[in-house]
1. For a test of the definition: using alpha carbon positions, the gyration tensor, and the 1.5 limit on a/c, classify the stretch 1-73 as rounded, prolate or oblate.
2. Using the Karplus equation 6.51 cos²θ - 1.76 cosθ + 1.60 (θ = phi - 60°), what ³J(HN,Hα) coupling, rounded to whole Hz, does each residue of the stretch 41-46 give in order, writing x for Gly and Pro?
3. Using the beta-carbon distance between Ala7 and Arg92 and R0 = 25 Å, what value does 1/(1 + (r/R0)^6) give for FRET efficiency, to the nearest 0.05?
4. Express in whole angstrom the spacing between the alpha-carbon centres of the stretch 50-72 and the stretch 1-31.
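Read the figures in this text as sums done on the coordinates, not as results from a lab. Keep in mind it's a predicted model, so treat the numbers as computed, not measured. No Cβ is skipped: glycine too gets one built from the backbone with ideal geometry, and neighbour counts run over all protein chains shown.
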Amino acid sequence: MTIVLPALAMSAAAFAIWLTVRIINRRERWTKWTAVLVVVAILGYPLSVGPACWFSSQTGIGARAVTVLYVPLLSAIDELTFPTIAWEPAWRIANDYMGLFATADWGWRVRPGWNEQGEYCGETTWEYSPSPH
């Protein structure tokens, strides 16, 4: 995971530069639509987690799909919040957004991969589900 995120970030930056050059130099219509789709996807993925959680908690359908689809987003937020307390408000805002219209007993359950002494004890796992009774 240490090398994957920087590699993806570099690939995305290279793609954005290439697409911008194509838009400016050649003025091709498909490049403009591709840029619009990329922006919609980048904004749509994090914004769709709230409605997905709301739907899943209200209907009881798709909890596993929500878990699989949004674990990368939660892991990224967790990676930002774990080393420093400065990102704590970002996690609080995201958690409030995901639970805004969700049923009260539903939420994200996490088993941290680190113990209180900061030692690694296994991979952090996430699950969106109702609280155990």
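1. oblate
2. 5, 5, 7, x, 4, x
3. About 0.25, to the nearest 0.05.
4. 30
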